[in-house]
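The values are calculated or read from the model by the stated rules, or taken from the named source; none is laboratory data. Note that the structure is a prediction, hence the values are computed from the model and not measured. Counting neighbours? That spans all protein chains shown, and the Cβs are built from the backbone with ideal geometry, glycine included. Areas reflect the complete protein model, heavy atoms only, side chains present, ligands, DNA and RNA absent. Shrake-Rupley method; radii C 1.70, N 1.55, O 1.52, S 1.80 Å.
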Amino acid sequence: MLIFALWSVLLAAATQVVEAQVTVYGQTPKAQLTATSTSGQAPMATLHAYDTTVLTPPSPPNPPITQLTFAIPRDAASMPGLSIPHTGSAFFGFSVEMSVITQILGKNSTHIFVPFLNLMSNIQERAGSVMIRMGGNTQEFAKFYDGQFNDGRVTHKEDSGSNQTTQTPAVMYTKDLFYMAANISSLLDVKWFLGLPFNDTSTFHLEMAEYGQSILGDNLLALQAGNEPDLYAAHGKRPQGYSPYDYVGELYQMLQAVDANPNVPVKNKFVGPSISQSEWTPEQVWDTGFIANFKDRLYALTVERYLNNNCFAQFGSGTYQDPQANFPNYLTHDTHVGLLAGYLNSTQLAQAAGLPFMMFETNTASCGGFPGISQSFGAGMWVLDYGLQMAYSNFSHALLHLGGQNVYYNPWISPPTNQSSYNEWTVGSTFYAAMIAAEVFGKSDTGRIMDLHAQSPFTPAYAIYERDTLSKVALFNYIDDTSGANNINAAISIPNAGVPETVKVKYFLAESVASKANLTWAGQTFGNNFEADGRLKGNLNVTTIQCDRSANVCNIPLRAPSFALVFMDSNDSEATEGQATATFVTTAFTKAHNTVKVDPAVLATSNGHSGKERERLAGTSHGSITGGAESRYGLVSSAVVLMSTLAGACLMLNGLWR
């Protein structure tokens, strides 16, 4: 086992790959699977997270689209309608459902998952820092437990006692949850949002705020006050008729409790109203005086939204949504324009108030996403287009939701425990989207974006300006056409200034919009299901294209389907960005057998369920717990020991918060 000083990880030179060797100490996340697999055989696809459904792509347009033409000014001053500058963290962060934290981030403060760290390192390399929220529906019934669980995990679930037909599990969490987050932030520049329980307004439980602020310090960005309050009445959390004014009244009560609590010293870092727009519009909330009354207490204004929902398939509620019939909706720019139109007034109000406007939770579809869609290459392009359109619409950031092994749309997920001795992690197409979006805006803190309003909704395009100069052009081709008839030439010209001699291009590629395997970004891949350790593999492939300066045009090939990011300055260092320089290596031994199995009938499935008529399923019970947790905490020695499994690799830290 090799021991490395922490700062050798954090302060490695940009030109040198930093590898922290790891030692494996057995399996990691809790399984949600009863089926067994034999080592060496293909894993059984019994959980939604590893679904292998492949849909049929829509027919290509006829006549085909073969040519796009864009005349883009060099200077930002000549491009009216540019977005606000996108500064700080990567545009896409991540929202982790509280009930599945131990599948996504780590088991506890001494076991952090190495593939997760590698993935975040790839975002950090491109954007500087990453935002992560721990919360979601299960935050509402979260309960602090002043002790530790026998299995060492930071969270467990129990019956929430809610009045819903199918109950949301309450999450029991320990103080070690905050030390785990602090250790992550000590290794990488990760900033956190935490969700406050909002189920009991007679006595606000503020341990999340108390320990979050005291342990995370400046790495805690803000606290969420209420998750989708417009759905409280529909889900039995509040009486019928519960209105925006009722929510505002409860928010006042919560802030009064905060003001009276000396253990919550920071009184002005909250986010809200975080509505889903299923029952209330943003304007109905703003009409209560929300912005004027609370702007001095807020970090940002927040909303949550999904394009569609799969609630009928998950819970039998609402209307059945056929994934095959819905697939074309995820292969057109028009869905973004329509989805975001209702927020344009709100982003203007946020700017006037001097507040960021965030999409605090989103993904392909609520109630877990769709089989065949949510993990597809098409969904990866759609989420990337969605992010760029949000940025153009003056959203400051957006958080992609992760719901655990029983949902389809995870950007990444650990393997089931009974496969962890021989399978690695799974990285979804939406993580590629988040990483590419980080590269689109880079680290300059000056990135502004413009929708170029391309001729077809199947071929959206954007111009990105940094330091008031055209730096990149983003080009999409949603069309699936193996014949090549819809391969496109995108002609880019720069009026009055002229094109550069050469440009560099990175491509996001797969065989089809329906593909779930063999996705590549600039020739590199995280691997297919059960093949990822969070590091990009393969040789970096950046295409250099000679422009025709006499004709003032750069011709960019855009195959069907694909995404291209064109770097207008060939000397841009981001053009050669590949695998992050700081990595956490996963090599060692694992246990020969597994120990935890949970019947799917009792799986918690309340992850990302933001549909209008959602229902909830109960989670697993928290099992036995023990006291004496305080002995586990405090500052210890200064060495950092990294440990991992091949499939659910975890990080053991000595010398950080414990």
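Confirm whether Ser186 is polar (S, T, N, Q), under 23 Å from the mean Cα position of the chain (by Cα) and farther than 23 Å from Met359 by Cα.
The answer is yes for Ser186.
What number of residues within segment 432-447 are open to solvent by 30 Å² or more (accessible area, probe 1.4 Å) and either within 21 Å of the chain's Cα centre (by Cα) or free of Cβ contacts under 8 Å to residues at least 24 places away in the same chain (or both)? Show your work before the answer.
First, pick out the residues of segment 432-447 that are open to solvent by 30 Å² or more (accessible area, probe 1.4 Å): 443, 445-446.
Right, trim to either within 21 Å of the chain's Cα centre (by Cα) or free of Cβ contacts under 8 Å to residues at least 24 places away in the same chain (or both) and you get 443, 445.
Going through segment 432-447 one residue at a time, the tally reaches 2.
Please go through segment 490-506 and pick out each residue that is open to solvent by 40 Å² or more (accessible area, probe 1.4 Å) and modelled with pLDDT of 95 or more.
Filtering segment 490-506 for residues open to solvent by 40 Å² or more (accessible area, probe 1.4 Å) gives 495-497, 501, 504.
Listed by number, the residues that qualify are Pro495, Glu501, Lys504.
Do we find a residue being surrounded by fewer than 22 Cβ atoms within 10 Å (Cβ to Cβ), out of contact with any strand residue (DSSP E or B) (no Cβ under 6 Å at 6 or more places or on another chain) and in contact (Cβ under 8 Å) with a residue 60 or more places away in the chain anywhere in segment 540-551?
Looking through segment 540-551, none of the residues is surrounded by fewer than 22 Cβ atoms within 10 Å (Cβ to Cβ), out of contact with any strand residue (DSSP E or B) (no Cβ under 6 Å at 6 or more places or on another chain) and in contact (Cβ under 8 Å) with a residue 60 or more places away in the chain.
I'm trying to understand the selection: among the residues of segment 138-152, which are surrounded by 24 or more Cβ atoms within 10 Å (Cβ to Cβ) and not polar (S, T, N, Q)? Steps first, answer last, please.
Residues of segment 138-152 that are surrounded by 24 or more Cβ atoms within 10 Å (Cβ to Cβ), as a first pass: 138-142.
Of everything in segment 138-152, those that are surrounded by 24 or more Cβ atoms within 10 Å (Cβ to Cβ) and not polar (S, T, N, Q) turn out to be Glu140, Phe141, Ala142.
Failed condition for Cys311, given (1) out of contact with any His (no Cβ under 9 Å at 6 or more places or on another chain); (2) open to solvent by less than 30 Å² (accessible area, probe 1.4 Å), with all others met?
Single failed check for Cys311: (1).
Report whether or not Asn555 is surrounded by 14 or more Cβ atoms within 10 Å (Cβ to Cβ) and modelled with pLDDT of 95 or more. Lay out the reasoning, then the answer.
Working: surrounded by 14 or more Cβ atoms within 10 Å (Cβ to Cβ): yes; modelled with pLDDT of 95 or more: yes.
When the stated conditions are applied, Asn555 passes them.
Would you point out the residue of segment 192-208, among those that are among the aromatic types (Phe, Trp, Tyr) and at pLDDT below 95, that is most open to solvent (accessible area, probe 1.4 Å)?
Across segment 192-208, the extreme among qualifying residues is Phe204.
Of all residues in segment 26-69 being of a type in the set (Ser, Thr, Tyr) and at pLDDT below 50, which is surrounded by the most Cβ atoms within 10 Å (Cβ to Cβ)?
In this case the residue turns out to be Thr28.
Consider Gly135 against the criteria (1) surrounded by fewer than 24 Cβ atoms within 10 Å (Cβ to Cβ); (2) modelled with pLDDT of 95 or more: it satisfies all of them except one. Which criterion is unmet?
Checking Gly135 against (1) surrounded by fewer than 24 Cβ atoms within 10 Å (Cβ to Cβ); (2) modelled with pLDDT of 95 or more, the one that fails is (1).
The rows are residues; the columns are (1) open to solvent by 30 Å² or more (accessible area, probe 1.4 Å); (2) farther than 23 Å from Leu340 by Cα; (3) touching an Asp or Glu at 6+ places or on another chain (Cβ under 6 Å); (4) at pLDDT 95 or above.
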| site | (1), (2), (3), (4) |
| --- | --- |
| Gln224 | no, no, no, yes |
| Lys237 | yes, yes, no, no |
| Gly241 | yes, yes, no, yes |
| Asn261 | no, yes, no, yes |
| Val266 | yes, yes, no, yes |
| Gly272 | no, no, no, yes |
| Ser276 | no, no, yes, yes |
| Trp280 | no, no, yes, yes |
| Asp287 | yes, no, no, yes |
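Report, by residue number, each residue of segment 197-235 that is within 25 Å of Gln284 (Cα to Cα), among the hydrophobic types (A, V, I, L, M, F, W, C) and in contact (Cβ under 8 Å) with a residue 60 or more places away in the chain.
Within segment 197-235, Ala222, Leu231, Ala234 meet the criteria.
Filter segment 109-160 for residues that are among the β-branched types (Val, Ile, Thr) and touching a helix residue (DSSP H, G or I) at 6+ places or on another chain (Cβ under 9 Å); which is farthest from Phe193 (Cα to Cα)?
Step one: list which residues in segment 109-160 are among the β-branched types (Val, Ile, Thr), which gives 110, 112, 114, 123, 130, 132, 138, 154-155.
After this cut, where a residue has to be touching a helix residue (DSSP H, G or I) at 6+ places or on another chain (Cβ under 9 Å) as well, the list is 110, 112, 123, 130, 132, 138, 154-155.
Details: Thr110: 21, Ile112: 18, Ile123: 18, Val130: 11, Ile132: 6, Thr138: 15, Val154: 17, Thr155: 17 Å.
Of everything passing the filter in segment 109-160, Thr110 is farthest from Phe193 (Cα to Cα).
Search segment 494-506 for residues that are part of a strand (DSSP E or B) and pair each with any residue that is open to solvent by 30 Å² or more (accessible area, probe 1.4 Å) and at pLDDT 95 or above when their beta-carbon atoms are under 6 Å apart and the residues are at least 6 apart or on different chains.
Thr502/Thr544; Thr502/Gln546; Lys504/Val542; Lys504/Thr544; Val505/Thr543; Lys506/Val542
Could you please let me know if Thr138 is closer than 30 Å to Ser202 by Cα, assigned to a helix (DSSP H, G or I) and of a type in the set (S, T, N, Q)?
Yes: the conditions hold for Thr138.
Quick check: is even one residue across segment 88-101 open to solvent by less than 10 Å² (accessible area, probe 1.4 Å), under 12 Å from Met180 (Cα atoms) and of a type outside the set (Gly, Ala, Ser)?
Yes: one or more hits.
Please verify whether segment 376-384 includes one or more residues that are touching a strand residue (DSSP E or B) at 6+ places or on another chain (Cβ under 8 Å) and either surrounded by fewer than 24 Cβ atoms within 10 Å (Cβ to Cβ) or outside any helix (DSSP H, G or I) (or both).
No; the residues of segment 376-384 include none that is touching a strand residue (DSSP E or B) at 6+ places or on another chain (Cβ under 8 Å) and either surrounded by fewer than 24 Cβ atoms within 10 Å (Cβ to Cβ) or outside any helix (DSSP H, G or I) (or both).
Looking for whichever is of a type in the set (Phe, Trp, Tyr) and surrounded by fewer than 19 Cβ atoms within 10 Å (Cβ to Cβ) here; the options are Tyr211, Tyr232, Tyr245. Which one fits? Spell out the reasoning first.
On the way: Tyr211 fails: surrounded by fewer than 19 Cβ atoms within 10 Å (Cβ to Cβ); Tyr232 fails: surrounded by fewer than 19 Cβ atoms within 10 Å (Cβ to Cβ).
Result of the check over Tyr211, Tyr232, Tyr245: Tyr245.
Considering only residues that are in a helix (DSSP H, G or I) and of a type in the set (A, V, I, L, M, F, W, C), which ones fall in segment 433-488?
Our first condition is that a residue be in a helix (DSSP H, G or I); within segment 433-488, this holds for 433-441.
Correct list: Ala433, Ala434, Met435, Ile436, Ala437, Ala438, Val440, Phe441.
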